[in-house]
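Below: the structure, in structure tokens.
The values are calculated or read from the model by the stated rules, or taken from the named source; none is laboratory data. Note that the structure is a prediction, hence the values are computed from the model and not measured. As a convention, Cβ positions derive from the backbone with ideal geometry for all residues, glycine included, and neighbour counts pool all protein chains shown.
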């Protein structure tokens, strides 16, 4: 089955360098807010030594684990004593905790990999006792400057298929959403075309509409690879492939929750995730969020230009084909400008 999305946005951006650079972060951060729907309790203290797979936060049987081995160096507390982030300093030994389990579900829970599953509707972390009607595996991505899903899956095809085998043990129908180039994987539904062809909402709308009575789980392809590696060799793979835009256009392999500000100290306006939907990073919260697979940097707005509205807009981004940038292959220039001031809206019809 194949779907081509004709209505959407086609991005004309500089292509990524597909050579992956392997990096290690001196510290990582865990945000409890990255796990919506869970009431997480902290199970470590300042100064504790942790290993890869050591529990950091728990909600009953659901565990959020450490992606590196090292020391808990800081616990950031916000308003009303809410935990904002847990910071772990890397000892660069990457020692794995000795995790014991009896069933595949226990393995997913104790390793923290169960938190890779999210639900629709409501987009919350799945609960192991509330099974869905289907599980979607998303191996596509249509965001600009995104990681090529086909490249990662192809380079880890054995672990990807192993992860699928583990997920099949739920005995729930699996929907494989694949990049069109992944023709060698049987039973897939292929999406291509314009953005948002890579979004789970698009896939559900066209293939399996959800409701309060028909809920699904979905999981990202890199988390499926991590599941495959865990059950294949009983070690926790807590690194991911990220797309980096701002300090060039590269693919990097780094630890989950790495410090983006230390990686790109001179880049302004860092964004965890795509610039279409991502979250801003600053010195207080410099760590990439759990479910984001890209880091973007955009420049500061330099101010309006005189008679700028008369220019042909060779480097202006447009969705409505208003500028010449829609018809020529030049990467648009993106900055923090809103192309207009903040205005108040008055619903005049009610007065």
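Taking the condition part of a loop (DSSP other than H, G, I, E, B) and within 30 Å of residue 149 (Cβ to Cβ), does residue 99 pass?
When the stated conditions are applied, residue 99 passes them.
Look through 78, 47 and report the one residue that is free of Cβ contacts under 8 Å to residues at least 40 places away in the same chain and at positive phi.
47
Kindly indicate which of 295, 306 is over 30 Å from residue 140 (Cα atoms) and either modelled with pLDDT under 85 or crowded, with 17+ Cβ neighbours inside 10 Å (or both).
Result of the check over 295, 306: 306.
Among the candidates 67, 36, single out the residue that is in contact (Cβ under 8 Å) with a residue 60 or more places away in the chain, outside any strand (DSSP E or B) and either buried (at least 20 other Cβ atoms within 10 Å of the Cβ) or outside the structural domain of residue 127 (by TED's automatic domain parsing) (or both).
Just one listed residue meets the conditions, 67.
Are there any pairs, at least 6 apart or on different chains, whose C-beta atoms fall under 7 Å, with the first in the range 309-320 and touching a residue at least 24 places away in the same chain (Cβ under 8 Å) and the second surrounded by 10 or more Cβ atoms within 10 Å (Cβ to Cβ), and if so, which?
319/9
For the range 1-32, which positions are more than 30 Å from residue 318 (Cα to Cα), out of contact with any helix residue (DSSP H, G or I) (no Cβ under 9 Å at 6 or more places or on another chain) and surrounded by 15 or more Cβ atoms within 10 Å (Cβ to Cβ)?
Passing the criteria: 28, 29, 30, 31, 32.
Among what's in the range 246-258 and is in a strand (DSSP E or B) and under 15 Å from the mean Cα position of the chain (by Cα), pick the residue that is surrounded by the fewest Cβ atoms within 10 Å (Cβ to Cβ).
Of everything passing the filter in the range 246-258, 253 is surrounded by the fewest Cβ atoms within 10 Å (Cβ to Cβ).
Of the residues in the range 42-64, how many are surrounded by 21 or more Cβ atoms within 10 Å (Cβ to Cβ) and assigned to a strand (DSSP E or B)?
7
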